[in-house]
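The values are calculated or read from the model by the stated rules, or taken from the named source; none is laboratory data. Predicted model only: the values in this text are computed from it and were never measured. So basically every Cβ, Gly included, is an ideal-geometry build from the backbone, and we count neighbours across all protein chains shown. For the accessible areas, the whole protein counts, side chains as well, though only heavy atoms, and no ligand, DNA or RNA atoms are used. Shrake-Rupley method; radii C 1.70, N 1.55, O 1.52, S 1.80 Å.
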Amino acid sequence: MDINNNFEIFEKLINQAEKVLFSFDTAANSVSYLNHAFELIWKQSRERFVSNPANILETVHPDDRDYLVKKYREVLKGKSRENLEFRIVHPDNALRWLQLTPQRVTDKHGREYVVGLIDDVTIMRENISTMQKFGAKKNSILEILSHDLAGPLANIKVLSEVLSESTREYNNPEVNEIISIIRESSDRNIHLIRNFVQQEFLESVDAGLVKKRIDLVAKVQEVMEQYKDGQNLIHKEIRFSSSSDKIYVNIDQTKFMQVINNLMSNAIKFTEDNGIIAVDLSEKESTVLIKVQDNGIGIPRKYHDELFEKFTRARREGLKGEPSTGLGMSIIKTIVEWHDGSIWFESEEKAGTTFYIELPKDA
């Protein structure tokens, strides 16, 4: 086997690849290999970075530099082999999302290198972000509509029962059948709306967990804007606040935004009209604390210890007749724990409820 000839063949292939292939000598602090794709992705010549590798960090988005340095140190210690996503800024200020697959290797002489692949995933990230954004908006709109429709349907059901009592003395089978149809239809549609919203939440739990580093403030704010736009429909005042403009966490965005939606749904269900529902993000040293607070009817003390259990006795209809599966809080707790977080609550009858979620921050 002609090893040198094979190397030349693969070197030609590597230089035609659209992904960056690199090798970094950790002892010499120098780039030992960098293929041509680097210039296509960075829009700059390789020479500037080969001669001074520190220049590469200057091209990384300021919000991602500490994160990338932290992950590089983990690679050197052999603690991390995960794919990393970060942004670079082109000379014309255009942003590109890159995915880095790093690995620490040692050659036969004991010399240590960090090698890897870098791929431009900007289009993929933008497509996923768009789908997640509109997915979260869709979920919050469905929650708003389900509560908005639940009230009138519950009223129709109550009125049909009143009408049934008022017409009972006539003993008219046809009238009784019509009233029965109205009552059953309104009851069925109340459950149908909530089941539609809840079923999607339940099914999403079965999907695999895909964590990405995201700005939690931006993503929660997108969801809250939808609730603010619909606050006239649900007759509640919606508030959002954050201690920081940006807080980065490593989460499955789809699943975690459903947690926020579910907590908002519960707050809407158990808060009287003209009540207040507030979501707040507080950045701590190594964690972020999320609060979902309402001034609703509260949770009876006897249910506090079992609220997060499956099919708990704490399940109850909302103030407008919205049904409950008794699974929501159990699933929320599971999803939070999948993210190495914790969830707890404080509640007092007739004084409202506050749910707390604490998650580890990412750099």
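Quick notes
- The modelled label-to-label distance for the pair ALA351/SER241, using points 7 Å beyond Cα in the direction of Cβ, is 1.9 nm.
- Integer Hz, Karplus 6.51/-1.76/1.60 couplings in order for segment 105-118, x for Gly and Pro: 10, 10, 7, 5, 8, x, 7, 9, 9, 10, 10, x, 10, 10
- With a threshold of 24 Å on the Cα-Cα distance, the over-threshold entries among LYS138/LYS361; LYS71/LYS212; LYS79/LYS108 are LYS138/LYS361.
- For segment 45-94, the equivalent ellipsoid derived from the alpha-carbon gyration tensor has semi-axes of 22, 14, 9 Å in decreasing order.
- Segment LEU163-VAL115, length gained on full extension (0.36 nm per residue, minus Cα span): 9.6 nm
- LEU209-GLN44 FRET efficiency (beta carbon distance; Förster radius 51 Å; 0.05 resolution): 0.90
- Over segment 54-118, accessible surface divided per residue gives 58 Å², non-protein components excluded, 1.4 Å probe.
- Summarising the label geometry, the points placed 7 Å from Cα in the beta-carbon direction at ASN127 and LYS228 lie 3.2 nm from one another.
- Gain on full extension, evaluated as 0.36 nm per residue between SER185 and GLU18 minus their Cα-Cα distance, stands at 54.2 nm.
- Proximal lysines to LYS310, defined as alpha-carbon separation beneath 17 angstrom and excluding residues fewer than eight positions away on the same chain: LYS302, LYS333
- Diffusion coefficient, µm² s⁻¹, Stokes-Einstein with Kirkwood Rh over alpha-carbon pairs of segment 247-315 at 10 °C and 1.306 mPa s: 113 µm²/s
- Pairs of Cα atoms nearer than 8 Å and 6+ residues apart set the relative contact order; for segment 75-122 it is 34 percent.
- The distance between label points at ASP305 and SER330 comes to 1.8 nm (points 7 Å beyond Cα on the Cα→Cβ vector).
- Average projected area [Cα convex hull, segment 99-140], square nanometres: 4.0 nm²
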